[in-house]
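Here the structure is laid out as structure tokens; the discussion comes afterwards.
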Amino acid sequence: MPYDHRNTVRRTFALALAATGCCAVLAGCATSQASPPSGKAQESQAASQAAQGESGTQSRPPFASPRPSRSPVAAQGSGSLAGRTIVIDPGHNSGNFRHSDEINQKVNIGTTRKECDTTGTSTNAGYTEASFTLDVSHRLRDLLKARGAKVVFTHDGERPWGPCIDERARIGNAAHADAVVSVHADGSAVGHRGFHVILPAQVRAGAADTTKIVAPSRTLGERIADRFARATGTSPANYIGDGTGLDVRNDLGGLNLSTVPKVFVECGNMRDPKDAQLLTSAAWRQKAAQGLADGIATYLEG
Ligand code: ZN
């Protein structure tokens, strides 16, 4: 399969990224590419981050803010999402390339044991998926907080690698999140374009039991797919999901182990030059974040 990189291990960064295949496989990627980024790629990434006004030490969301008063006037946020908790899971981690031993350790996802985390994919020019997911997640956080939501990240670039996919799921569970969105971009073949949302399959095995989240996650995914298309003007993927922009998987630990409504969003295909043009545009990433926020809000507002 074009988005399964298990059969295409490479040693160089560029080739590794080219072969990474579906980041979708992301949380579920069976093989992790751990070669460090080339100097060129690092420069490109740094330039990209600089262009976005980011530093590698961007402050974390104010998770530790005081508990809101019960007074309606003083309540945290007055928007439509006040009182709601949303967990954002930025896919992968820019440091994963340098921690192959750690991210290749196996964790239990209920149905099987899989690698802790994966490196993710990249554009041909070296803009990494990990940079993309963190940037979109920051934009999404700001939009959700503006609507009064409490936002929790699974990581914010502050960790050297990971978290592992099982920990990513546990963070959403522990937060009793009303919704969890794992942000990704795909690594499929050239010509494969568009976004898709991955929904949890019915899984009941070992530590995994998605029985209670299958239906609400589908609704969440449908709302996001609809709003993402509207906000970005892009179409559902032309290579997966039969044009619906929706796919169901039972091999992703981040979904299998979730006890709260959760979806993965593959915002586009980093390996396709036309999609890459969009994904590397800060303006487009803002639209993508807007689409995600609108979809989440539509879901939570009922
Ligand atoms: Zn990914």
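Over region 229-302, all Cα pairs binned in 5 Å intervals from 0 give whole-percent P(r) values of 3, 13, 21, 23, 22, 14, 4, 0, listed from short to long. For Lys287, the lysines whose Cα comes closer than 19 Å to its Cα, not counting residues fewer than 8 places off in the same chain, are Lys145, Lys274. Taking a label point 7 Å from the Cα of Asn238 along the Cα→Cβ vector, which residues of region 272-296 have an amide N closer than 14 Å to it? Flagged as within label range: 272-276.
I need the shape label for region 104-203. Rule: rounded when a/c is under 1.5, else prolate if a/b > b/c, else oblate, with a, b, c from the alpha carbon gyration tensor. Rounded shape, in that the Cα axes give a/c under 1.5.
So what's the gap between the Cα centers of region 145-220 and region 75-138, to the nearest angstrom? Each part reduced to its Cα centre gives a spacing of 9 Å. Coupling constants for region 118-124 follow from the phi torsions by the Karplus curve (6.51 cos²θ - 1.76 cosθ + 1.60, θ = phi - 60°), and in residue order they are 10, 7, x, 9, 6, 6, 4 Hz; glycine and proline get x.
Taking label positions 7 Å along the Cα-Cβ direction at both Ala207 and Arg170, the computed distance is 0.6 nm, reported to one decimal. Once you list every other residue whose beta carbon is under 9 Å from the beta carbon of Cys116, what net charge do they have if Lys and Arg are +1 and Asp and Glu are -1? Overall, the nearby charge balance is -3. Based on protein heavy atoms only, region 102-169 ends up with 29 Å² per residue of surface accessible to a 1.4 Å probe.
Share of region 84-183's accessible area from carbon and sulfur, percent, 1.4 Å? The value for region 84-183 is 45 percent carbon and sulfur by accessible area. By the rule of a C-alpha distance below 25 Å, with chain neighbours fewer than 8 residues away ignored, the lysines paired with Lys212 are Lys114, Lys150, Lys262. For region 187-302, give me the percentage of DSSP beta bridges that are antiparallel, rounded to the nearest 5 percent. For region 187-302, the DSSP antiparallel bridge percentage is about 50.
So if the hydrodynamic radius of region 175-245 is defined as the Kirkwood radius over C-alpha pairs, what does Stokes-Einstein give as its diffusion coefficient at 4 °C and 1.567 mPa s, in µm² per second?
In µm²/s, the coefficient is 95.
Rg of the Cα atoms in region 168-302, relative to 2.2 N^0.38 Å, amounts to 1.01.
Restricting the GluC sites (Glu not before Pro) of region 128-167 to loop positions (DSSP other than H, G, I, E, B) with no more than 16 neighbouring Cβ atoms within 10 Å leaves Glu158.
The values are calculated or read from the model by the stated rules, or taken from the named source; none is laboratory data. Everything numeric in this text was worked out from a predicted model, so none of it was measured. So basically every Cβ, Gly included, is an ideal-geometry build from the backbone, and we count neighbours across all protein chains shown. Note: accessible area is taken over every heavy atom of the protein model, side chains too, but ligands, DNA and RNA are not part of it. Shrake-Rupley method; radii C 1.70, N 1.55, O 1.52, S 1.80 Å.
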